[in-house]
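Here the structure is laid out as structure tokens; the discussion comes afterwards.
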Amino acid sequence: MARLPYPRKKLRMIGPQRSYDPEATQAAFLLGGIGTGNISVGARGELRDWEIFNRSAKGQRMPYGFFSVAIKEGNKVETRVLESRLQPPYAESHGFHPSTTAGLPRFAHSEMRGEYPLLWVDLWDDELPLKVTLEAYTPLIPHEPDDSGLPTAVLTYTIRNTGTTPIEVTVVGSLTNAVGFTGVDQFGALKTQGFGGNVDELRSENGLTGVYFWSRKHPEDDILHGSLALATTNMRTTAKPHWLRSGWWDPLREYWDDLQDGRLTPHCYSEQSEEGKTDVASIGATEEIASGEEKRFRFILSWHFPNRVRHWDQRLCARGGDCGQGTVRNRYAARFDDAWEVTRYVVDTWNHLESMTHAFHDALFGSTLPAHVLDAASANITALRSNTCFWLEDGTFLAYEGCFDDAGCCSGSCTHVWNYEQTLAYLFPTLERSMREVEFRSETQPDGEMNFRARNAFPGTINSDTTEAASDGQLGSITRVYREWKLSGDTAWMAGLWPRVKLSMDYSIRTWDPDEDGVTDGRQHNTYDIQFYGPNPLSGVIYIAALRAATKMAEAAGDYEAADRYSRLYGKGGRRLDRTLWNGEYYEQRLPDVNAHKYQHGVGCLADQLLGQLNAHLAGLGYLLPPRRVKKAIGAVYSHNLLTDFSHHDNCQRTYALNDEAGLLLCTWPNGGRPRIPFPYSHEVWTGIEYQVAAHLIWEGLLDEGLAIVKAVRDRHDGVRRNPWDEFECGHHYARSMSSWGLILALSGYQCDMAEKRISFTPRINGDDFRCFWSTGTAWGTYTQKRDANGNLTHSVEVIHGNLRGVKVNEEPHW
């Protein structure tokens, strides 16, 4: 086994999450719900990456979207933007546009800490008698997808008076009426074609005061139709529904001058903006703060852009109007008519939304798991709430693989990528089951072939690689139906889907195992966007996992003939696969001539060789291959594929790790024999594969080796080189990264069979004093295990949400 690249103590360290100073310019913490789009907060406390218009928009700023503060101490008033100072480079071709407010005073220092879904940014300045802490979040409550799918961000500024005299503080949020937004031009100014008829409406009702932004210009079914709201729950408020309507940069000058006394003076303008123009509005809250005391200033920023283009290509209809594609509505549009309704709902259900979001955070981060594991598992929840995923009004949940800077990338809820994901299944199981419904009811053809990119459930041009079924994706979907059944205990749901699952299983046998010897053969399309030929471990192990899962489901559905057939195939397949592919150290591909087909791995050590085994472990299917060989093989992946320095690595493919970084290669050839042209991604590093290998190492007892891989991944995402809340592969917020949730399952040894009413834990770390988050398809909470002074081990389960009535804990389950 290769030497550990980190001290063991560091790998097992429990403690606070890391923080980020202003130099962490890549750090961007996502706010926004499932299927809503996002606004991010950067390490300086700035609002950035406004991605609320039903498509990704990395780098998209919102002109005049910022918070500021006025501090009155006696007769003296100081004003600041509630951010720390901008970081280099300062190389804009025309200087910073005034709408960036780059020229206004800011705080000298900041520090960001993120424990998703909660973010904190501290701001301080030696010249000011206060310290500011921003807490920001969007409600996230496992098993409550609707309340975790709110198009809103809650931003609370807590200000402590660190001086010796009382101060009066006014915190102000400013926002452009962005209904009709189509971007900024080359000078940095708003493009004008979508604006006109914009209305900024000051509202005050039942403890809520704010500005409601809408427009009369766009029909209700137009892509540009929508609304925003910026409001506060503080009682003493000041407002400026319209900034000065004037030329050049007069509006910002007048606003900043107006703020100097901590009060805003409204203008008396007509209700709506002229054609091609829009307005900026500000809403503020004022509090008196005595020396040593602190006060909270709470704001809710909501958006409501209900229509998305009815096409996988999100770039269509970007400017609004009728582009011939039609529109569909987001899930949140079925609940709320506009952004003010969203804001009103957040305030009316405040106690539930805030307390349960904090309860989830505390349950997760109160674990006795290593800090970098919690960092990895939590940070990648963002993929669910990024523009990688969308959720339609009828409840259908769909996704890309990831996102370009300005649109989704790689369409169709790709089965062979989502094959790795665990996060959605455990946090929002109803949405995961929606994906199975799409795969088997909409995308499985009469002969059993499954479209690995959904083309029936949602229209549009599908990627050119969709020419045949994907062996790993289709077979993995069968195992995932089993997982969803066991998590939920809903046998009726599984049985209802069973005829389609059987159709898919039978197609897989005909296509990839035509001689029915239990080993896949022939042409097998897979997640590397090529075809492996002949017996190989990727498709082969996933196939026997699917046979095992199908056997169990057939028995429960009363289809005993199918169960017998699949059981026989599973039995001989496991033995034959082991005999055929085992090389004494790991499982390899067997071909008479590895160069007869391009893009094979042959005798190479494939990082994914045991993906099917890991997924079987996590789903409760047990070992598919001899346990000792499984452990040796996954250990070989660690020994041969983990590179601790990329300075001399020759990679002619895409580059995800470089210089002195560490990472796990997709494939290596430790004994030579590399094909002349190996498969396209062999020399790359993908975080989703790193996490699944790490989880498997931990499952097999190679704890520190698994933790070392996780540490390597998170060290690369340090806020300077990469965003900690954006693990990319073929796009930002890549779905495969959600294999990271498997780390929690592996470290806790968690197994769930709600069909049999059993859950169990076998902690693989800190077993004498262990605590972790758990979830079934019906409940979630925390598990605690302690050993007392007499050596007796006790355990307890706290249910925070849902119930476990009739469920046994830590009895030997009947898998």
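The values are calculated or read from the model by the stated rules, or taken from the named source; none is laboratory data. Fair warning: this is a prediction, and the values are worked out from it, not measured in the lab. Glycine also receives a Cβ, built like all others from the backbone with ideal geometry; neighbour counts cover every protein chain displayed. When the accessible area is computed, the model is the full protein with side chains, heavy atoms only, and any ligands, DNA or RNA have been set aside. Shrake-Rupley method; radii C 1.70, N 1.55, O 1.52, S 1.80 Å.
List of remarks:
- Nearest 10 degrees, 0 to 90: helix 627-641 Cα axis against the chain principal axis: 50
- Long pairs among 72/240; 486/632; 191/240, criterion Cα-Cα beyond 26 Å: 486/632
- Angstrom value of the Kirkwood radius, inverse mean 1/r, which spans all Cα pairs in the range 404-515: 14.4
- The protection proxy used here, the mean number of other Cβ atoms lying within 10 Å of each residue, ranks peptides 7-17, 599-609 as follows, highest first: 599-609, 7-17.
- Which of 459, 586, 801, positive extreme of dipole for the chain (C-beta unit charges): 586
- Computed FRET value (nearest 0.05) for residue 350 with residue 645, which takes r as the C-beta separation and R₀ as 60 Å: 0.75
- Projecting the alpha carbon convex hull of the range 359-434 along each direction and taking the average yields 6.2 nm².
- Ordering 760-766, 505-511 by mean Cβ neighbour count within 10 Å, with the highest value first, yields 505-511, 760-766.
- Geometric descriptor of the range 668-769, per residue, is 172 Å³ (volume of the convex hull of the Cα atoms).
- The Kirkwood radius of the range 255-339, taken over pairs of alpha-carbon atoms, gives through the Stokes-Einstein law at 37 °C and 0.692 mPa s a diffusion coefficient of 184 µm² s⁻¹.
- Set of aspartates and glutamates with alpha-carbon distance to residue 10 below 14 Å, sequence-local pairs under 8 removed: 704, 705, 715
- Considering only 35, 50, 624, and ranking their Cα positions along the charge dipole of the chain that arises from unit charges at the beta-carbon of Lys, Arg, Asp and Glu, the one farthest toward the positive end is 624.
- Size of charge dipole - the chain - debye, nearest 20, with Cβ of Lys, Arg +1 and Asp, Glu -1, no other charges: 1700
- Computed helical MRE - 222 nm, the chain, DSSP H runs ≥ 4 contributing -39500 (n - 2.57), nearest 500: -8000 deg cm²/dmol
- When the range 671-729 is described by a simple charge dipole with +1 on each Lys and Arg Cβ and -1 on each Asp and Glu Cβ, the residue from 702, 679, 719 located farthest towards its positive end is 679.
- FRET E, pair residue 575, residue 756, Förster distance 41 Å, beta-carbon r, rounded to 0.05: 0.90
- For the range 402-472, with all protein chains in place and a probe radius of 1.4 Å, 47% of the accessible heavy-atom surface sits on carbon or sulfur.
- A protection proxy built from the mean count of other Cβ atoms within 10 Å ranks the segments 131-139, 561-569, most packed first, as 131-139, 561-569.
- Were the residues from residue 193 through residue 296 laid out at 0.36 nm apart, the gain over their Cα-Cα distance would be 33.2 nm.
- Our summary gives the range 575-692 a relative contact order of 30 percent, counting only alpha carbon pairs under 8 angstrom and 6 or more residues apart.
- Loop-resident sites, the range 139-209, for chymotrypsin sites (Phe, Trp or Tyr not before Pro), counting at most 13 other Cβ within 10 Å (DSSP): 187
- Accessible surface of the range 239-293, 1.4 Å probe, proportion on carbon and sulfur as whole %: 53
- The range 151-237, relative contact order [Cα under 8 Å, separation at least 6], %: 23
- If you wrap the range 514-638 in the convex hull of its Cα atoms and look at it from every side, the mean projected area works out to 7.8 nm².
- FRET E, pair residue 405, residue 790, Förster distance 56 Å, beta-carbon r, rounded to 0.05: 0.40
- Rounded to the nearest 20 debye, dipole of the range 679-786 from Cβ charges on Lys, Arg, Asp, Glu: 280
- Shape summary: the range 195-318 maps onto an equivalent ellipsoid whose semi-axes, from the alpha-carbon gyration tensor, are 31, 20, 13 Å in decreasing order.
- Karplus (6.51, -1.76, 1.60) ³J(HN,Hα), θ = phi - 60°, over the range 330-347, in Hz, Gly and Pro reported as x: 6, 3, 5, 5, 6, 9, 10, 8, 6, 5, 5, 4, 4, 4, 4, 5, 4, 5
- Folded to 0 to 90 degrees: helix 491-512 orientation relative to the chain principal axis, Cα: 60
- The alpha carbon convex hull volume per residue for the range 623-725 rounds to 119 Å³.
- Distance (nanometres) between label positions extended 7 Å along Cα→Cβ at residue 269 and residue 598: 5.8
- Normalised contact order of the range 728-782, rounded percent, pairs of Cα under 8 Å and 6 or more residues apart: 23
- Angle in degrees between helix 687-699 and the longest Cα principal axis of the chain, rounded to the nearest 10: 60
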